[in-house]
Amino acid sequence: MNLKTLPLRGFAAAVLGWACWTAALGQTDIPFYGPLYDSSGVATVQVWMSPDSVEALLYGDVGYAANNLFPADMYYFDPAGAPSDTALNIGVRLRGNTSLNSPKKSFKLDLNEFVQGQKLYDVEKLNLNANQNDPSLLRAALSWQMIREAGLPGTRTSFVRFHLNEDYMGLYVNTEHMDEEWVEEYYDSDGGNLYKCLWPADLMYLGEDPDDYKLVVNGRRPYDLQTNQGGDDYSDLALFIDVLNNTPNSEFPCEIEEVFNVADFLKTQALEVLFGHWDNYSVNKNNYFLYHNPQTDLMEFITYDLDNTWGINWIGGVNWAEVSPYDFVGEDRPLFTRIMAVDEYRSWFTHYLRRYAQELFNLNAVTPAVETWQATLAPHVQADDFYPLPFGFSYSDWSSADVSAAGGHVEFGLYDWVTARSASLDAALDPDVPVLVVHELEDNGPVLDTLRIRAIVEASDGEPSVVAWVDPGSGPMAYPMADDGMSGDRAAGDGTYGVKVPVASGWTEVHYTVEATAGSLSREIPCEARQVPVGLVPGDVLFNELLASNGGVIFDEFGEFDDWVELYNAGTTPVWLGNLWLTDDLDTPDKYNLPDMVLEPGDWHLIWTDNDEEQGENHAGFTLSAGGEEVALFRLENDGDWTLQRYVAFGPSDTNVSLGRLTDGAPNWVWFATPTPDYSNNGAIVLGVTSGPVAEEDLRAWPNPNAGQWLQLSRAVQGVVYDAAGRPVQEVAWTSAVELSGLSAGTYVLRTASGDVVRFLRVGGSGW
């Protein structure tokens, strides 16, 4: 069927008329934000592009169409048919590999290719997947839903009608794109390396040189860096693969948990077994992501591309419903085989399989979701002239996909797959044994006054008892940890335990571990106690102020408005800077060596972060990101080791607005409307404290930036918290202590009922 011969359907004609009318008005009536992943119905994506672009996109060389973006305008209609979002001058290309030649194409819509920073609902890219090999169109969406319900990082999905100019292209699965915005949303952090791993990404050791893992196969990298591409630094991946492959068996559990989130990997593997996801790492060394989480310093495993599941099979002679979960693996898959060789990890895996089969993967849970979506999608599938073309599926195949196999590569209906996979699982699983899992250990070090420690604890045998053992040098002391939402943990009852340890006078560093006990089981991590520098020692050099977007505040000796970092000697003795190094990457401490000079007590020193060291000794070899990142100060010891001295993580910042201590050397960080480079912060004008009606006193908030559970106000108010896009995110009802547990990193504004406004920063990076 030729697209050019398809009829103009009524809805598309209506859209055409509406689009032309709004174009004449400059789209003033179209709100920018909308429900991009609304699961209540079927939304509509309308794309307009020139006829020549349509010709090249759909009928030209597929390789060219997959690797080049064609300019277009996009309009988004919510499930009720109302105009919700718009994005002009976007880029559109084909997506996929083997599916590129399919009669029903999949598409990628890139919103910021031609308009820098353009987003819809904080999303830069849309993946419109045809899911052509799945007659139900539901397998990927159901799988992603279970991934998210299990508390694992998973993409959001929705169903959309896709219109290209006058033509209805069919029903598509709108699948969230995994990029820096995605990891910031799901990990409450950004800045880490995200690798897209495709065949043959087996994680076998190739050598100690990070560049060894930049190999190219079939014109692309199997380990393809998606973030921080300018640095192209694969050292974190090389370290992880080295530990995975070369650590002796006796040391493996301790070493792998220092670099990898083992528990979440096993959870993901358990769900992949239930889904029958054979086109994955463990079987086909394909379709996964690795993310180096800067908060935990752990590599995270993320599954991907979940349409070849639930009984879809392209490999002859294998019934994936019958394959033992412990044998769900091909050759040379060290991440699966080495972890499963550890008895404790195997018991975790067995536990997760049982839990997810009971809670998520059963007919009682699956049937209502399938029935709801079938009722919602039916008219849109019937109207999809492209649906039958790739494999000859009929509407009858779609409507019966829950109970019937379509034949060929579709060997099971959805319900039959659940039944068959569950039955074989019962017979294959190891005996049920209690498990105790402790993982994702993190802290807020280095610190001045309070050390905050938290870890995730999962116990199958009763409520666990969790203790942090903290040793400041005089012997370990026990600090009970709690999951109550008030102890430096996250939310009450979510399995994250935390504790706040006050720093006593004279402490310069502490070592700590976390121990959990449940029933007869006990587990302590890490194997070697973590070291954290604490306290402010005489002669200490601090970060005092920084500016990540200099639009005219101050220029350097070359007349350039560069970003900058201000250092301050908060101690009582002079400090030599020559053995200190500045960096924006904790894994690379040696980015910039401070000048060979002495900083006197109470003095400041300005460093230009302009990535132009040739301009002089006060110019660092990196730049700051206005989107937020981390900066750290390291000391190079005589033995060649590195010691972390200071660390600051900050969120998005506005042009000509600095982040600094108020006052000099104090623990309280605020935004300065008037930056004070190389000068005292004590008289700076604090941004965000304004007044509508004159109040009895100025509304103030602290700590700001805030990384804890509460934002303290100078008086009780009622009002609404708005995010940086102006969207209301939280109501405040007559309180002077605002709980922040539900807010991710970013800039927020609290507007009171009386008109007073205070701006505050929710700190990312450190996570506290």
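For segment 597-632, the set of residues classified as out of contact with any strand residue (DSSP E or B) (no Cβ under 8 Å at 6 or more places or on another chain), outside any helix (DSSP H, G or I) and of a type outside the set (A, V, I, L, M) consists of G616, E617, S625, G627, listed by residue number. Restricting attention to segment 704-756 and to residues that are part of a loop (DSSP other than H, G, I, E, B) and among the aliphatic types (A, V, I, L, M), the residue that is modelled with the lowest pLDDT turns out to be A725.
Scanning segment 39-52 for residues that are surrounded by 21 or more Cβ atoms within 10 Å (Cβ to Cβ) and of a type in the set (G, A, S) yields a single hit, A43. Look at E600 and say whether it is outside the structural domain of A745 (by TED's automatic domain parsing) and crowded, with 17+ Cβ neighbours inside 10 Å. Spelling it out, it is not the case that E600 is outside the structural domain of A745 (by TED's automatic domain parsing) and crowded, with 17+ Cβ neighbours inside 10 Å.
Just so you know, in segment 645-660 the residues that are assigned to a loop (DSSP other than H, G, I, E, B) and polar (S, T, N, Q) include one that is surrounded by the fewest Cβ atoms within 10 Å (Cβ to Cβ), and it is T655.
Of the candidates Y497, Y512, the single residue that is in contact (Cβ under 8 Å) with a residue 12 or more places away in the chain and within 20 Å of A707 (Cα to Cα) is Y497.
Within segment 561-615, the set of residues being farther than 22 Å from S680 by Cα, among the aromatic types (F, W, Y) and in contact (Cβ under 8 Å) with a residue 40 or more places away in the chain comprises W581 only. For first residues located in segment 317-335 and over 20 Å from A423 (Cα atoms), partners that are crowded, with 18+ Cβ neighbours inside 10 Å and of a type in the set (V, I, T) and lie 6+ apart or on another chain with Cβ distances below 6 Å form the pairs G330/V283.
The set of residues in segment 88-123 that are at pLDDT below 90 and at positive phi comprises G96, G117, Y121, D122.
Among the residues of segment 165-194, those identified as of a type in the set (D, E, K, R), farther than 17 Å from N287 by Cα and modelled with pLDDT of 85 or more are E166, D167. For segment 214-234, check the following and say yes or no: at least one residue is in a helix (DSSP H, G or I) and free of Cβ contacts under 8 Å to residues at least 60 places away in the same chain. So far as segment 214-234 goes, yes, one or more of its residues are in a helix (DSSP H, G or I) and free of Cβ contacts under 8 Å to residues at least 60 places away in the same chain. Strands (runs of 3 or more DSSP E) fully within segment 471-562 that include at least 1 residues being closer than 30 Å to D610 by Cα: 521-533, 541-547.
State all residues of segment 372-411 that are free of Cβ contacts under 8 Å to residues at least 24 places away in the same chain and not aliphatic (A, V, I, L, M); if no residue qualifies, say none. Answer for segment 372-411, where residues must be free of Cβ contacts under 8 Å to residues at least 24 places away in the same chain and not aliphatic (A, V, I, L, M): T372, P379, Q382, P388, G392, S394, Y395, S396, S400, S404, G407, G408.
Provide a single number: the residues in segment 682-703 that are in a loop (DSSP other than H, G, I, E, B), out of contact with any Ser or Thr (no Cβ under 6 Å at 6 or more places or on another chain) and at pLDDT 75 or above. Of the residues in that region, 1 qualify.
The values are calculated or read from the model by the stated rules, or taken from the named source; none is laboratory data. Remember, it's a predicted structure, so these values are computed and weren't measured experimentally. All Cβ positions, even for glycine, are placed from backbone atoms using ideal geometry, and neighbour counts span all protein chains on display.
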